[in-house]
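Enquirer: Before we start, here is the structure in question, set down as structure tokens.
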Amino acid sequence: MTDETLRVQERDGSWRLTGSATSRFELVNEFLGSLADRNYSPRTQRAYAFDLLGFCRCLSRENVELAEVDTDVLLRFLTTCREAVLPGGNVERFTTAGHRVCLY
């Protein structure tokens with residue numbers, strides 16, 4: 001599974017994971033929906049969405065289901081985040097349809 005099968009999209013003021021692999025991560029979308037229901041700031045919702053996107057992409061690459069996540073999986077993810085080096089720094093910024101988007 002490639003990273004392109006998951007992405008984040010805003011719809012009606014709520015951020016969601018979208019793409020062909022979304023069905024594997026419905027629990028994540030339920031959580032993101034609960035943030036909107038509880039009136040969390042749109043920027044907070046967006047931050048959670050992109051953080052969870054990175055985590056779900058990592059799970060996809062390792063072929064790990066949400067129900068299988070344990071301490072070892074979390075530690076591998078945190079190590080991946082810590083060791084990631086992107087050209088120009090660890091956060092890339094670009095504009096899409098008038099919105100600033102961070103990818104990591």
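Enquirer: Hey, does the stretch 69-91 have a residue that's farther than 21 Å from R46 by Cα, among the polar types (S, T, N, Q), modelled with pLDDT of 80 or more and loosely packed, with under 10 Cβ neighbours inside 10 Å?
Expert: Looking for residues that are farther than 21 Å from R46 by Cα, among the polar types (S, T, N, Q), modelled with pLDDT of 80 or more and loosely packed, with under 10 Cβ neighbours inside 10 Å, one finds at least one in the stretch 69-91, hence yes.
Enquirer: Considering every residue within the stretch 30-43, establish whether at least one is outside any helix (DSSP H, G or I), modelled with pLDDT under 95 and in contact with a strand residue (DSSP E or B) (Cβ under 8 Å, 6 or more places away or on another chain).
Expert: No, the stretch 30-43 contains no residue that is outside any helix (DSSP H, G or I), modelled with pLDDT under 95 and in contact with a strand residue (DSSP E or B) (Cβ under 8 Å, 6 or more places away or on another chain).
Enquirer: Restricting attention to the stretch 9-24, report how many residues are part of a strand (DSSP E or B), out of contact with any Ser or Thr (no Cβ under 7 Å at 6 or more places or on another chain) and not aromatic (F, W, Y). Please lay out each step first, then the result.
Expert: Here is the first cut: in the stretch 9-24, the residues part of a strand (DSSP E or B) are 9-11, 14-18.
From the residues that got through so far, the ones that are out of contact with any Ser or Thr (no Cβ under 7 Å at 6 or more places or on another chain) too are 10-11, 14-18.
Subset that is not aromatic (F, W, Y): 10-11, 14, 16-18.
Number of matching residues: 6.
Enquirer: Next up: Might you check whether a residue that is touching a residue at least 60 places away in the same chain (Cβ under 8 Å) and surrounded by 13 or more Cβ atoms within 10 Å (Cβ to Cβ) occurs anywhere in the stretch 1-9?
Expert: yes
Enquirer: Could you identify the single residue in L52, L27 that is part of a helix (DSSP H, G or I), touching a residue at least 24 places away in the same chain (Cβ under 8 Å) and out of contact with any Phe, Trp or Tyr (no Cβ under 9 Å at 6 or more places or on another chain)?
Expert: Just a single option satisfies the conditions, and that option is L27.
Enquirer: Also: Condition first: closer than 15 Å to E65 by Cβ and either of a type in the set (A, V, I, L, M) or surrounded by 11 or more Cβ atoms within 10 Å (Cβ to Cβ) (or both). Now tell me which residues in the stretch 18-42 satisfy that.
Expert: Start the filter on the stretch 18-42 by keeping residues that are closer than 15 Å to E65 by Cβ, which leaves 21-28.
A21, T22, R24, F25, E26, L27, V28 - these are the residues of the stretch 18-42 that are closer than 15 Å to E65 by Cβ and either of a type in the set (A, V, I, L, M) or surrounded by 11 or more Cβ atoms within 10 Å (Cβ to Cβ) (or both).
The values are calculated or read from the model by the stated rules, or taken from the named source; none is laboratory data. The structure presented is a predicted model; accordingly, all values stated were derived computationally and were not measured. Don't worry about glycine lacking a Cβ; one is built from the backbone with ideal geometry, like all the others, and counts go over all protein chains shown.
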